[in-house]
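The values are calculated or read from the model by the stated rules, or taken from the named source; none is laboratory data. Computed from a predicted structure; not experimentally measured. In this analysis, Cβ positions are derived from the backbone assuming ideal geometry, glycine residues included, and neighbour counts consider all displayed protein chains. Surface accessibility is based on the protein's heavy atoms, side chains included, excluding ligands, DNA and RNA. Shrake-Rupley method; radii C 1.70, N 1.55, O 1.52, S 1.80 Å.
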Amino acid sequence: MTVLFFWLIFCPNSWSDDASSSAPPALDTYNKAVRFYEDKHWDEAKDFFHQYLAEYSDTPLYVTCLYYLAYCYQQLGDKGQAILLYHKVIDQAQGGDAFWSDMAQKRIDEMLEGQKQ
């Protein structure tokens, strides 16, 4: 929920319902992924995040998408892939992306703590 709140504050225009009709392809793909993510349709969200990352690796949303993709894998029960992607978030996050690095580390810690129990 914190991630959604953060995104709504800093990028409110990308959430409009008519975004797909006039949005650039990268933003359209991102918005589709986020809609599936919000609806907890992890497989569909995962597919769109993969598509976004493959096609738009040089955009400001790249690290954000990596984080969301990792969370999809976590929700789908693939903790190994999730941890790998969270580490990639940490490696790639710089400057303004430090938020995502911190969130990724928290997720890793949660998963590793859950394995100890």
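So which residues in the stretch 29-64 are charged (D, E, K, R) and modelled with pLDDT under 95? Spell out the reasoning first.
At the first step, the residues of the stretch 29-64 found to be charged (D, E, K, R) are 32, 35, 38-40, 43-44, 46-47, 55, 58.
Of everything in the stretch 29-64, just one residue is charged (D, E, K, R) and modelled with pLDDT under 95, namely D58.
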**Message:** Between a residue in the stretch 39-67 that is within 17 Å of A93 (Cβ to Cβ) and any residue that is open to solvent by 70 Å² or more (accessible area, probe 1.4 Å), which pairs come within a Cβ distance under 8 Å, given they are 6 or more apart or on different chains?
**Reply:** Y62/Q92; V63/Q92; L66/K88; L66/Q92
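Across the stretch 45-64, which residue is nearest to Q74 (Cα to Cα) among those that are assigned to a helix (DSSP H, G or I), of a type outside the set (A, V, I, L, M, F, W, C) and open to solvent by less than 80 Å² (accessible area, probe 1.4 Å)?
Taking the stretch 45-64 first, the residues assigned to a helix (DSSP H, G or I) are 45-55, 62-64.
Going one step further and asking which of them are of a type outside the set (A, V, I, L, M, F, W, C), we end up with 46-47, 50-52, 55, 62, 64.
Then drop every residue that is not open to solvent by less than 80 Å² (accessible area, probe 1.4 Å), which leaves 46, 50-52, 62, 64.
Details: K46: 11, H50: 15, Q51: 18, Y52: 19, Y62: 18, T64: 15 Å.
It comes out as K46.
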**Prompt:** Is it true that some residue in the stretch 101-115 is open to solvent by 70 Å² or more (accessible area, probe 1.4 Å), under 24 Å from L27 (Cα atoms) and either touching a strand residue (DSSP E or B) at 6+ places or on another chain (Cβ under 7 Å) or of a type outside the set (D, E, K, R) (or both)?
**Reply:** no
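Report whether or not G96 is out of contact with any Cys (no Cβ under 7 Å at 6 or more places or on another chain) and at positive phi. Don't jump to the end; show me each part of the working.
Details: out of contact with any Cys (no Cβ under 7 Å at 6 or more places or on another chain): yes; at positive phi: no.
Against the criterion (out of contact with any Cys (no Cβ under 7 Å at 6 or more places or on another chain) and at positive phi), G96 does not qualify.
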**Complete:** Flagged in the stretch 73-96 as open to solvent by less than 30 Å² (accessible area, probe 1.4 Å) and either touching a Pro at 6+ places or on another chain (Cβ under 9 Å) or part of a loop (DSSP other than H, G, I, E, B) (or both), in numbering order, are A93
